[in-house]
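Where a number appears in this text, it was derived from the coordinates with a stated rule and is not lab data. Small disclaimer: the values here were computed from a predicted structure and weren't measured. Here the Cβ is made from the backbone with ideal geometry for all residues, glycine too, and neighbour counts use every protein chain on show.
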Amino acid sequence: MAILDSIKSPKDIQSLDESELAVLASEIRSQIINTTSKNGGHVGPNLGVVELTIALHKTFSSPRDSFIFDVSHQGYVHKILTGRNDERFENLRGTGGLSGFLNRSESEHDAFGAGHAGTALSAALGMAKARDLNKSDEHIVAVCGDAAFTCGITLEALNNISNSTKKLIVILNDNKWSIAKNVGAMSRYFNELITNPVYNRLNDNLENLLSNIPGGKKIIKWGAKWKQETKNLLISSSIFEKFGLRYIGPIDGHDFKQLNHYLEFAKNATQPVILHVLTTKGKGYNVAIENPERFHGASPFNVDTGKSVSSKKPAIPKYQDVMGETITKLAKKDAKIIGITAAMPSGTGLNILEKALPNQFIDVGIAEEHAAVFAAGMATKGYHPVCAIYSTFLQRAYDPIIHDIALQNLPVLFCMDRSGLSPNDGATHHGLFDISYLRPIPNCMIMAPSDEDELADMIQTGLEYQGPAFVRYPRGEGIGVTVKETPESLAIGTSKRIKDGAEIDIWALGTMLDLGNKLASKLSEHNINAGVVNPRFVKPLDKAAIKESGKTAKLIVSIEDNVVKGGFGSAISEVLQEEKIACPVESIGWPDKFVDHASTVNELRESQGLDLESILIRVLMAFEKAESKSTEVKIN
């Protein structure tokens with residue numbers, strides 16, 4: 001019987017010896033590789049923390065003791081060890097399966113949910129402070145990747161630890177990667193801690209060193225504090241010690257003996273502790289080690305070769321690649337165009353620019369707020385920065401967008417990938433709010449392309465606009481249209497009529513245009529003449545065309561891949577209200593709730609009544625109601 005089969009809760013780990021722990025680690029790695037090969041998921045991050053997570057559960061007692069994983073995309077091992085190694089894990093990230101991130105509603109062992117980087121230390125410090133106020137003694141452990149320390153939130157929390165608690169354990173899980181290779185001063189600093197032979201010798205063999213110094217044996221007897229102070233006489237203390245944390249490390253994050261020893265030490269420490277643990281992203285699976293960026297978040301793959309399991313259909317370029325190729329093409333003609341990413345060069349498509357024009361590419365690390373203000377600064381000097389940031393991650397830069405960019409009307413272009421659904425990732429990654437959070441901001445231009453070619457045109461339009469511009473587009477492949485060699489500028493604030501119609505006008509935003517065309521065809525089967533409009537612009541709106549629709553149609557239908565509240569449909573209703581046009585609007589979009597994960601976009605749409613058949617029923621009912629009111633008006 002496999003050891004893993006006997007682990008039903010963390011308590012089952014307590015009795016295992018080191019040799020059994022090693023076997024368990026191997027079994028867990030096999031489980032993760034097999035499951036992610038079918039479902040996709042975060043392969044490398046989880047394979048890297050197997051021993052660390054096992055050691056945490058052996059040393060501490062979850063759920064009484066709380067583990068807070070930064071991002072929590074490395075939480076698969078934790079899920080396996082906390083009673084979720086069943087059919088739910090087999091269907092990880094799919095419909096009815098476990099979330100790919102920690103989720104408080106999923107298990108009492110998930111102390112804090114996440115999906116974005118940099119939140120663990122603040123949350124852990126808040127929990128530690130609450131524990132202190134409650135006069136209880138449970139342990140709070142924050143597991144933070146080295147990339148998390150490029151986040152402003154993490155540094156703000158670090159600054160507050162010494163003033164907030166005397167008891168906190170921080171694990172610095174150092175694998176030198178976020179999604180791409182880590183960048184910046186913190187990354188270089190961690191590397192110095194790892195590679196400094198003097199620091200390592202002093203850290204690991206300080207007692208031996210002191211034994212050979214006159215009076216050293218007395219210092220050893222005086223205790224740990226004097227050992228630390230003696231070490232600081234020989235080399236400078238770590239930055240963490242200046243923030244009031246006891247720094248321990250670096251240690252081998254795959255060595256159970258070291259992990260168990262130092263976790264026990266941290267458990268009994270009388271001051272906040274940071275344990276610097278060195279791990280290998282993708283440990284135990286050579287393909288993942290050799291391709292850390294691709295296996296950070298992988299699509300289904302062949303276990304033996306590591307190659308993605310692709311469909312037989314001919315490859316259609318992804319929107320992100322069209323964006324990257326377009327920016328690169330334009331940047332070759334204009335040295336003032338600078339691509340900026342927050343640790344997502346390949347995910348956004350800016351890796352194409354990085355390869356072709358490295359001097360016009362900047363990766364700021366996981367720091368979306370900084371990326372936005374940094375771009376604003378460049379814009380004041382005559383540059384035209386392009387920030388490629390996922391819709392869901394751009395939420396973190398909301399204040400800089402208003403305060404630093406829009407208020408000063410600076411020409412910064414935001415390319416917002418993953419607007420709409422990211423089905424397997426779930427609520428933390430769906431880009432369903434950007435229209436609603438951007439639309440109220442003055443000076444902003446907001447665009448949504450219906451296909452790849454229109455995306456290229458909108459990038460050109462956004463670069464020419466002398467103010468903040470936003471282009472939102474979905475994850476994954478386009479629809480297969482050919483992209484022109486030279487992008488064209490669009491007339492700002494103009495829509496494009498696709499089909500004339502007398503009774504219903506369908507305004508289908510962005511890639512919802514295909515659904516709008518299909519809806520019009522379905523309505524024709526019910527003898528309803530429906531027109532279709534590609535809005536192209538959310539802001540400024542084509543008010544003239546909306547007013548014309550309101551005056552000639554009996555019903556306007558808006559379709560968007562955004563929440564209905566404050567979205568594109570709301571904008572149409574506002575125009576009609578301002579003009580005192582009584583035409584009803586049926587706004588179709590996502591409901592006022594957080595949408596879970598599922599295997600496919602279609603399954604999520606069906607679950608929320610946003611599939612074609614459900615929308616057709618809604619529109620037919622709304623049209624019947626509109627006709628009834630129209631008849632009443634005529635009679636009166």
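Miscellaneous remarks
- In order along region 279-289, phi translates into HN-Hα couplings of 10, 10, 5, x, 3, x, 9, 4, 4, 6, 5 Hz, rounded to whole numbers, per the Karplus curve 6.51 cos²θ - 1.76 cosθ + 1.60 with θ = phi - 60° and x for Gly and Pro.
- Annotation: the antiparallel percentage among DSSP beta bridges lying fully within the chain is about 15.
- Taking label positions 7 Å along the Cα-Cβ direction at both ASP137 and GLU264, the computed distance is 1.8 nm, reported to one decimal.
- Compactness ratio for region 319-472: Cα radius of gyration over 2.2 N^0.38 Å (N = residue count) comes to 0.93.
- Length gained on full extension, SER164 to LYS629: 161.1 nm, using 0.36 nm per residue less the C-alpha separation.
- Vicinal HN-Hα couplings computed from phi for region 348-361 (Karplus, 6.51 cos²θ - 1.76 cosθ + 1.60; Hz; Gly/Pro x): 9, x, 6, 4, 5, 5, 4, 6, 7, 9, x, 6, 10, 10
- Among 523-530, 24-31, 372-379, the peptide with the highest mean count of other Cβ atoms within 10 Å heads the list, and the full ranking is 372-379, 24-31, 523-530.
- Dividing the Cα radius of gyration of the chain by 2.2 N^0.38 Å, with N the residue count, gives 1.08.
- Legend: helices of the chain (whole DSSP H runs) are marked when their alpha-carbon atoms reach 27 angstrom or more along the helix axis and their mean Kyte-Doolittle hydropathy is at least 1.6; nothing is marked.
- Here r is the Cβ-Cβ distance between LYS499 and ASN291 and R0 is 56 Å; the resulting FRET efficiency, rounded to 0.05, is 0.75.
- Built amide H within the under 5 Å cut-off of GLY118, gap 5+: VAL71
- Residues whose placed amide H lies under 5 Å from that of PHE470, excluding near-sequence neighbours: PHE414, MET445, ILE446, MET447
- Beyond 24 Å in Cα-Cα separation lie the following of the pairs LYS38/LYS593; LYS167/LYS281; LYS38/LYS79; LYS58/LYS79; LYS307/LYS332: LYS38/LYS593; LYS167/LYS281; LYS307/LYS332.
- Residues whose amide H comes within less than 5 Å of that of ILE559, counting only those at least five positions distant or on another chain, are TRP507, ALA508, LEU509, ILE588 (H built at 1.01 Å from N in the peptide plane).
- Length available on full extension from SER607 to LYS242: 0.36 nm per residue minus the Cα-Cα distance, which gives 126.2 nm.
- Length gained when the stretch SER6-ALA491 is fully extended (0.36 nm per residue, less Cα-Cα span): 168.1 nm
- Dipole axis of region 496-628 (+1 Lys, Arg; -1 Asp, Glu on Cβ), positive-most option in THR511, MET621, PRO540: PRO540
- Basic side chains Lys and Arg get +1 at the Cβ, acidic Asp and Glu get -1 at the Cβ, and with that the dipole of region 319-472 about its Cα centre reaches some 360 debye.
- Sparse packing (at most 15 other Cβ atoms within 10 Å of the Cβ) combined with a DSSP loop state is found for the following trypsin sites (Lys or Arg not before Pro) in region 63-169: ARG64, ARG104, LYS135, LYS166.
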